[in-house]
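A short worksheet on the structure shown next.
Please treat every number below as a calculation from the coordinates, not as lab data. Everything numeric in this text was worked out from a predicted model, so none of it was measured. Glycine gets a Cβ as well: all are built from the backbone with ideal geometry, and neighbour counts include every protein chain shown.
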Amino acid sequence: MSRHYGFSGSITGAANKTIVGVTATSAIRPMLKRIIISSNAAPVATNSSEWQVSRFTAAGTSTAVTPVTFDSGNPAATSICGKNHSVEPTYAGVSLLDIAHNQLATVQWRAAPDEEIVAPATAANGMGVYCVGIAGSGVAEIVSLVFAE
Amino acid sequence: MMYSHTARKAHGEVTITGPDGETVLDSKKCPHCGGHFVMVKGNLIEGRKTLGEVARPAIYCQRCDRLTCGRPGCVECVPIGARLDHAEGKTTTYDHLMP
């Protein structure tokens with residue numbers, strides 16, 4: 001049975017800005033199970049933004065995050081997690097999930113069992129959640145995700 | 001809550017919670033790229049409105065027995081498992097179809 005981990009990141013939404021990323025190792029294939037996109041900006045306005053999930057072949061530079069395990073009996077995650085990228089990952093291929101988010105709303109996506117978004121077990125490869133663009137002004141956005149390995 | 005079954009067998013679910021309530025939509029997983037897409041009624045996939053895309057038809061893959069996302073790169077049958085194996089440097093029977 002796969003082990004579940006979770007973490008979150010926060011940025012001011014801007015075009016082509018990655019908020020969180022999960023990088024595989026040669027030992028495991030990380031599987032994306034759930035994403036929650038929300039905003040804690042105030043005052044509330046009708047700004048909107050578009051978010052995508054894509055696989056990358058180079059992880060870029062980010063703030064390291066230690067994901068929380070859902071079962072305290074499990075070991076620490078093998079995947080390498082990061083948030084608020086200062087150097088963007090090198091995305092390859094098509095977007096795997098495309099979500100439009102209005103600041104007034106919270107959007108949650110979850111995969112059915114065995115239908116997760118998967119990245120190859122190759123070093124520096126993985127998946128990132130990034131803002132494609134915004135309409136209105138950039139606001140504080142929070143992305144939480146759950147992955148399994 | 002408004003629940004809108006938009007796929008016969010959903011592979012995922014999108015929940016949008018806003019000031020006007022909650023909307024739940026089904027998503028399907030493309031057997032070729034492994035991405036999820038939201039179905040709209042009539043076997044259509046919702047387009048990216050920011051790019052001016054309109055809904056496009058989902059294309060059925062007989063070999064995978066599943067609907068694909070219909071993107072040009074997913075028209076030819078190369079299952080996601082083979083793509084991941086190829087990225088990991090393993091040999092697959094689909095290698096001649098991948099760069």
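Structure notes:
- FRET efficiency, B:LEU97 to A:SER137 (Cβ-Cβ, R0 30 Å, nearest 0.05): 0.10
- If only the Cβ of Lys and Arg carry +1 and only the Cβ of Asp and Glu carry -1, the dipole of the protein assembly as shown around its Cα centre is close to 260 debye.
- Part-to-part distance (alpha-carbon centres) for the range A:5-28 and the range B:52-72, which is given in Å: 28
- Burial ordering of A:HIS101, B:HIS86, fewest other beta-carbon atoms within 10 Å first: B:HIS86, A:HIS101
- Taking other Cβ atoms within 10 Å as a rough exposure proxy, B:TYR60, A:TYR91 sort from fewest to most as B:TYR60, A:TYR91.
- Per residue, the average separation of C-alpha pairs within less than 8 Å and at least 6 apart gives the range A:1-112 a relative contact order of 42 percent.
- Whether chain B is rounded, prolate or oblate, judged on the alpha carbon gyration tensor where a/c under 1.5 counts as rounded: prolate
- The smallest convex shape that holds all Cα atoms of the protein assembly as shown, its convex hull, gives 134 Å³ per residue.
- Every helix of 4 or more DSSP H residues in the protein assembly as shown counts as -39500 (n - 2.57), and over all residues that averages to -1000 deg cm²/dmol at 222 nm.
- Gyration tensor (alpha-carbon) shape descriptor, the range A:81-123, a/c threshold 1.5: oblate
- Cross-link pairs A:LYS83/B:LYS28; A:LYS83/B:LYS90; A:LYS17/B:LYS29; B:LYS9/B:LYS29; A:LYS17/A:LYS83 - those with Cα-Cα distance over 21 Å: A:LYS83/B:LYS28; A:LYS83/B:LYS90; A:LYS17/B:LYS29
- Length gained when the stretch A:ASN74-A:ASP114 is fully extended (0.36 nm per residue, less Cα-Cα span): 12.4 nm
- For chain B, the relative contact order comes to 18 percent (Cα pairs under 8 Å, sequence separation of at least 6).
- The eigenvalues of the Cα gyration tensor, multiplied by 5 and square-rooted, give the range A:19-149 an equivalent ellipsoid with semi-axes of 25, 16, 14 Å from largest to smallest.
- With a simple spin-label model that places each label point 7 Å from the Cα along the Cα-to-Cβ direction, the separation between B:ARG8 and B:GLU22 comes to 2.8 nm.
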